[in-house]
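**Student:** Have a look at the structure that comes next, please.
What follows draws every value from the coordinates through simple rules; no lab data is involved. Quantities reported herein were computed from a predicted structural model and do not represent experimental measurements. We place every Cβ from the backbone using ideal geometry, glycine too, and count neighbours over all the protein chains shown.
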Amino acid sequence: MNTGSMVLESEKIEAFKEGMPNRGGDEKHEDKRVVMKFGGSSLADAERIEHVAQLIKSQIAIGNRPAAVICSAMGKTTNNLLNAGDFALEGRVNVDALRTLHHTTIKEFDLGQHVADDITELLNELENMLNGVKLLQELSPRSLDMLVSFGERMSIRIMAARLNQIGVPAEAYDSWTIGMITTSEFGDARVLPSSMEKIKNTFSNKIDPNTVAIVTGFIGHTESGKITTLGRGGSDLTATTIGAACSLDEIQVWKDVDGIMSCDPRMVRSAVPISRVSFEEAAELAYFGAKVLHPIAMMPAMEAQIPVRVKNSYNPSHPGTVINKDRDNENLVTAITCKRDIQLIDITSTRMLGAYGFLSKVFNTFEKHKLSVDVLASSEVSVSLTLDKKSSVYKGHPLCDDLGDIANIDVKEGKAIITLITDIKRSSEVLATVFKVFMEKGIEVEMLSQGASKVNISFIVSDSLVESAIHSLHMCFFEEQCEITMPTNDKEV
Ligand SMILES: Nc1ncnc2c1ncn2[C@@H]1O[C@H](COP(=O)(O)OP(=O)(O)O)[C@@H](O)[C@H]1O
Ligand SMILES: N[C@@H](CC(=O)OP(=O)(O)O)C(=O)O
C-alpha cells in the first residue's frame, strides 16, 4: 500500500479544523469529548494503522471528538522486545524485525525523513541498550520497563504523523510529558494520584484542543524520571486515567469485536455482544479470563463515574458495550468466561493449629511467596485454592516446606475455572441450571465458589472438559433459554 502524497499540509489542517464540529461560535454543540484507545492488534501493520487513522477522522466528523488517542505498541512488538532482551542475555543483539516493521510502515505512508529519523533514533537507543544488557548480563525489572517502552514510543509517532498527513491535527506525547507519573514498582507500577491534576492541567493549558494528543499507553515515569510500565495490557489504564483526569464524556476502547461478548468468541462462535455491564461485572470478567479489558483499568472510570464503551473498529456503527455504574441486564447470566490450565491446591491441616492459626499461617505463607490466589473455598481444617500458570507451585516449592509442618498439601494440575457473571440475587436459579447442564454432560465440579463481590460464581472442572462445559452453558443461558425445573412447595400433596 502506498498512500502517495505526504507531508502535513497546513492548509489541509486548517480546512479540517474548520470542518470540525464544536469549533466555537454561537452554534449549540453536541460533540462528545472522548478518549479512544487502540490496542496492538488494531495497530499491527500499515494497513491497520490506516484503518484506525481513517476511523478517527470519520468519528471526529460525526462529533465523536478525541481529546486523546492512546496507542499500544504495534502488533506483537511488546513480546518481541521482551524476546530481544532474552536474546541479548544469551549474547545476541538483533532488532532487525522491529526496524523492518516500523520503517516499512513509515515508507508505506511516505511519512518523510523527520519521522524516519525519530524512529531510527529510538531503534538505535534500543540497540545500544541491548548491547549493554549483553555486556553486563543483567536485565533488571527497571531495564525491562525501559526496554518495552520503545514499542509505544514508536507507534505514537507513526500514528500522529499519519493523522497529520490525512488532515487531522495530531501530536505525539510520551505519557510522562502529559503528567503520567507512577510508583516505582517496575513491571506493575501504579499511577500516582497526583497524576490526575497534572494531566488535567496539561490538557487544559498546554494542548491545543483542536489537536488530538496521541499518547503512549502502558508506560509512565517515576517522580525521579525512570520509565515504568503499568503491567501487561496496561494501555486500557492509561485511557481510563486520562478520561477520568479530564472528566471526558466517554472512554472508548476500540477492539476487533462488537464489544464485550457473552463468551470468548474464539471459543464459542455464537457468542453475542452484551449491550451494558456494570464496572464490577466487567472487572470480574477481565479478572477471570476475558482479556477484553485490563481488570485494574476500570477503577479510574468507576471513581469518576465515566462510562467506558468497548467498540469494534471494523463495525463502528455498532454501539458496542457500555460499562457503567449499575447492572442493567435482565438476563440471569451476563457472560461466561474461563481461565485454563490452572492448579488446584488442597491444603489440609494436620491439626497442629486451631482453625484461626491455620488459616492465618496459610495466608501469610502465600503472601510471603507472592502467590496470588484466584478462587478459594475453606473449611475449619482445610483450604482449597487455585493458582494460575504464572504462579504455579511445584514439588519442593518453598511454600510446601513452609506449610509442611502444619498441613498436607495436594497439588492437582490441569484444571480450569469457569466463571459466570450473574445476577447474584438469583444464584439458586443459576446454580440449579448449571448443575442440570453439568449432570447431563457428565461434568464433575471439583470446587465451587461464589464471589464475595456478588457478581460471579466460579466452578473448577478438569481442563479437558472446559470446552464442552462452556458450549453447553452458553447454549443453555444464551441460545436455547433452557428450562429449569425448580422444586415445588407441595409436600402435602
Ligand atoms: N468475552 C469476550 N468478549 C470480547 N472479546 C473477547 C472475550 N473473551 C476474549 N475475547 C477476545 O479478546 C480479543 C480482543 O482483545 P485483544 O486482542 O487483547 O485486544 P487489543 O490488543 O486490541 O487490546 C477479541 O478479539 C476476542 O477474541
Ligand atoms: N503493549 C502492551 C500494552 C497493552 O495494553 O497492549 P494491548 O492493548 O495490545 O493489550 C502489552 O502488550 O502489554
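**Student:** Using only the alpha carbons of the chain, what is the convex hull's orientation-averaged projected area in square nanometres? Mind dumping the intermediate values first?
**Tutor:** Working: hull surface 116.1 nm².
Answer in nm², one decimal: 29.0.
**Student:** At 10 °C and a viscosity of 1.306 mPa s, what translational diffusion coefficient does Stokes-Einstein give for the range 295-378, taking Rh as the Kirkwood radius over Cα pairs? Give it in µm²/s as a whole number.
**Tutor:** Working: Rh = 17.6 Å.
D = 90 µm²/s.
**Student:** Once the Cα gyration tensor of the range 49-121 is diagonalised, what are the square roots of 5 times its eigenvalues, in whole Å and ordered largest first, as equivalent ellipsoid semi-axes?
**Tutor:** Listed largest to smallest, the semi-axes of the range 49-121 are 31, 16, 9 Å.
**Student:** With both bridge residues required to lie in the chain, what share of the DSSP beta bridges run antiparallel, to the nearest 5%? Don't jump to the answer; show the numbers that get you there.
**Tutor:** Details: 42 of 71 bridges.
The antiparallel fraction comes to roughly 60 percent.
**Student:** Sticking with this one: Using 30 Å as the Cα-Cα cut-off, could you pick out the over-long pairs in 339/441; 200/368; 291/412; 291/325; 76/415? Mind dumping the intermediate values first?
**Tutor:** Values: 339/441 20 Å; 200/368 39 Å; 291/412 25 Å; 291/325 20 Å; 76/415 28 Å.
Correct reply: 200/368.
**Student:** Quote the charge dipole size of the range 10-255 about the Cα centre in Debye, to the nearest 20; the model charges only the Cβ of Lys and Arg (+1) and of Asp and Glu (-1).
**Tutor:** On the way: 26 positive and 33 negative charges, 72 e Å.
Dipole magnitude for the range 10-255 comes out near 340 debye.
**Student:** Could you give the size of the charge dipole of the chain about its Cα centre, using +1 on the Cβ of each K and R and -1 on the Cβ of each D and E, expressed in debye and rounded to the nearest 20? Don't jump to the answer; show the numbers that get you there.
**Tutor:** Details: 51 positive and 67 negative charges, 66 e Å.
It works out to roughly 320 debye.
**Student:** Measure nothing but the geometry: give the 0 to 90° angle between the long axis through the Cα atoms of 235-245 and the longest principal axis through the Cα atoms of the chain, rounded to 10°.
**Tutor:** Helix 235-245 sits at roughly 70 degrees to that axis.
**Student:** Would you calculate the convex hull of the Cα atoms in the range 350-409 and tell me its volume per residue in Å³?
**Tutor:** Once divided by residue count, the hull of the range 350-409 is 73 Å³.
**Student:** Right, something else. When you have a sec, figure out the Kirkwood radius of the range 93-137 from all distinct Cα pair distances and drop it here in Å to one decimal?
**Tutor:** By the Kirkwood definition, the hydrodynamic radius is 11.2 Å.
**Student:** Nothing charged except the Cβ atoms of Lys and Arg (+1) and of Asp and Glu (-1): what's the magnitude of the dipole of the range 104-160 about its Cα centre? Round to the nearest 20 debye. Display every interim value, and only then the final one.
**Tutor:** Details: 5 positive and 10 negative charges, 30 e Å.
I would put it at about 140 debye.
**Student:** Along the principal axes of its C-alpha atoms, what lengths does the range 334-446 span, in descending order and rounded to whole Å?
**Tutor:** Taking max minus min along each principal axis of the Cα atoms, the range 334-446 gives 42, 29, 24 Å.
**Student:** Could you tell me the ratio Rg/Rh of the range 156-198? Both radii from Cα atoms, Rh via Kirkwood.
**Tutor:** The Rg/Rh ratio comes out at 1.16.
**Student:** Relative to the first principal axis of the alpha-carbon coordinates of the chain, what is the inclination of helix 10-19, with its axis defined by its Cα atoms, in degrees from 0 to 90 and to the nearest 10?
**Tutor:** Between the helix axis and the principal axis of the chain, the angle is about 60 degrees.
**Student:** Could you work out the per residue convex hull volume over the alpha carbons of the range 10-255, in cubic angstrom?
**Tutor:** Values: hull volume 27.4 nm³, N = 246.
Residue-normalised Cα hull volume stands at 112 Å³.
**Student:** Run the reach check for residue 436 against lysines, Cα to Cα strictly under 20 Å, same-chain hits fewer than 8 apart removed. What comes back?
**Tutor:** In chain and number order, the partners are 425.
**Student:** Okay, moving on. If each DSSP helix of 4+ residues adds -39,500 (n - 2.57) and the sum is divided by the residues in the chain, what number results at 222 nm, nearest 500 deg cm²/dmol?
**Tutor:** Numbers: 14 runs with 181 residues, N = 493.
One gets -11500 deg cm²/dmol as the mean residue ellipticity at 222 nm.
**Student:** What trypsin sites (Lys or Arg not before Pro) in the range 337-436 are in a loop by DSSP, with at most 14 other Cβ atoms within 10 Å of the Cβ? Show your work: numbers first, answer last.
**Tutor:** Values: sites: 339, 340, 351, 361, 368, 370, 389, 390, 395, 412, 415, 425, 426, 436; in loops: 351, 370, 395.
Qualifying residues, ordered by number: 351, 370, 395.
**Student:** Using only Cα atoms, find the angle between the long axis of helix 113-136 and the longest principal axis of the chain, and express it within 0 to 90 degrees, rounded to the nearest 10.
**Tutor:** The angle comes out at about 50 degrees.
**Student:** Using the charge dipole of the chain (Lys, Arg: +1 at Cβ; Asp, Glu: -1 at Cβ; taken about the Cα centre), state which of 456, 406, 56 has its Cα farthest towards the positive end.
**Tutor:** 406
**Student:** Put one equal scatterer on each alpha carbon of the range 237-368, apply the Debye formula with no solvent term, and list log10 I(q)/I(0) at q = 0.09, 0.15 1/Å to two decimals.
**Tutor:** Those come out to -0.37, -0.76, one per q.
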